[in-house]
1. For the chain, just the Cα atoms, rotate onto the principal axes and tell me the three extents in Å, largest first.
2. Between Asp103 and Arg9, take the C-beta separation as r, use R0 = 25 Å, and let me know the FRET efficiency to the nearest 0.05.
3. May I ask for the net charge around Val43, where only other residues with Cβ less than 10 Å from the Cβ of Val43 are counted and Lys, Arg are +1 while Asp, Glu are -1?
4. Lys and Arg at +1, Asp and Glu at -1: add these up for the other residues within a Cβ distance under 13 Å of Lys79 and post the number.
5. List the lysines whose Cα lies under 27 Å from the Cα of Lys100, skipping any in the same chain that are fewer than 8 positions away.
6. For a quick check of your reading of the filter: which GluC sites (Glu not before Pro) in region 1-71 sit in a DSSP loop and have no more than 16 other Cβ atoms within 10 Å?
Amino acid sequence: MALQRLYIRKGDRVAVLSGNERGAVGKVLSVDRNKYRAVVEGVALRKKHVRRTQQNPKGGVIEKEAALHVSNLMVICPKCNKPSRLARRVVDGRSLRVCKKCDETLA
Ligand SMILES: [Zn+2]
């Protein structure tokens, strides 16, 4: 099966549409193309127990974002400021993402 191209990229603002974190909004910190999951800043925090390391000599419990499935996320268009579906359009040989609501081109 060919890998599906994702519409979400690192640095996007996204809204969470379903699941426990529904309604949350945040910036995408990383995207895992193979698992179709993305980590969103400040969303889906999970407590994680960490071992003592040199960086963190005390060890203990830290809060870290869990990865969310991209199907639960929608990119927020910077122009119309709404969660929006995106289309792909080829302009001058480059594939760009376009907001389906306001036609704004996203990087
Ligand atoms: Zn838009």
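The numbers here are math on the coordinates, done by the rules we state, and not lab data. Predicted, not measured: the structure shown is a model, and the values here were computed from it. Backbone-built Cβ (ideal geometry, glycine too); neighbour counts: all protein chains shown.
1. 53, 29, 26
2. That gives a FRET efficiency of 0.85.
3. Working: positive: Lys27; negative: Glu21, Glu41, Glu65.
For residues surrounding Val43, the net value is -2.
4. Residues close to Lys79 contribute a combined charge of +3.
5. The qualifying lysines are Lys10, Lys27, Lys35, Lys79, Lys82.
6. Here the sparse-neighbourhood loop sites are Glu41.
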